[in-house]
Amino acid sequence: MTLDRTNPSRRRFLALSGMGLLLSGCSTTSVLAPTTAVGSSDATAAALPMVNTLRQSRGLSALSIDKPATEAAVAQAVRMAKAGEMKHLIGFGDNFGDRMKKNDVALPAAENIASGQASVDGAVDAWIKSPKHLANMLGPYKGLGVAMARASDGRSYWAMVLSG
């Protein structure tokens, strides 16, 4: 089959098709920047004793409340609630390292997320029961931030940030 390059209708169709393919790769969900923390709460003080009891039972040092980690946790919980999705990365161009840097979180850092738990106890318990999340809580960290935000449908979204 030969391509008729002189047919203007065909060229226009091919050009528009190519643009459609390019645009189809773009996401309509932008990186959700938390502008308000309505419906969110800092749960760090409530989570800290549970996490420290766990760490101390394994011979690890206690964590302390870390303001940048708390701010990063609140931001992530709000982002998930706004998106209605439990995801570490939300939207085109999202990057964990950039989010931690933006919030001045000391490295190394880790993030645990959860959704649907009614209380901070439920969220921490879910993380303890998950091997990868448990490994994060037992990692070489010094600081902790935990937050919850509610989506418009009432679902809870939890984020824990551990900092170096």
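Close contacts from segment 132-159, counting a first residue that is of a type in the set (Lys, Arg) and a second that is surrounded by 20 or more Cβ atoms within 10 Å (Cβ to Cβ) and part of a loop (DSSP other than H, G, I, E, B), with Cβ to Cβ under 8 Å and a gap of 6+ residues or different chains, come to 142/63; 142/66.
Put simply, of 118, 135, 62 the only residue that is open to solvent by 30 Å² or more (accessible area, probe 1.4 Å), in a loop (DSSP other than H, G, I, E, B) and more than 25 Å from residue 39 (Cβ to Cβ) is 62. Based on what the data block shows, is residue 20 assigned to a helix (DSSP H, G or I), open to solvent by 30 Å² or more (accessible area, probe 1.4 Å) and at pLDDT below 90? Taking the combined requirement at face value, the residue satisfies it. Among the residues making up segment 115-142, a single one is in contact with a Gly (Cβ under 9 Å, 6 or more places away or on another chain) and of a type in the set (D, E, K, R): 142. Residue count for segment 101-110 satisfying the condition of being in contact with a Ser or Thr (Cβ under 8 Å, 6 or more places away or on another chain) and closer than 18 Å to residue 79 by Cα: 1.
The values are calculated or read from the model by the stated rules, or taken from the named source; none is laboratory data. Not measured: the values here are computed from a predicted model. Don't worry about glycine lacking a Cβ; one is built from the backbone with ideal geometry, like all the others, and counts go over all protein chains shown. To get the accessible areas, we keep the full protein, side chains included, count just its heavy atoms, and leave off ligands, DNA and RNA. Shrake-Rupley method; radii C 1.70, N 1.55, O 1.52, S 1.80 Å.
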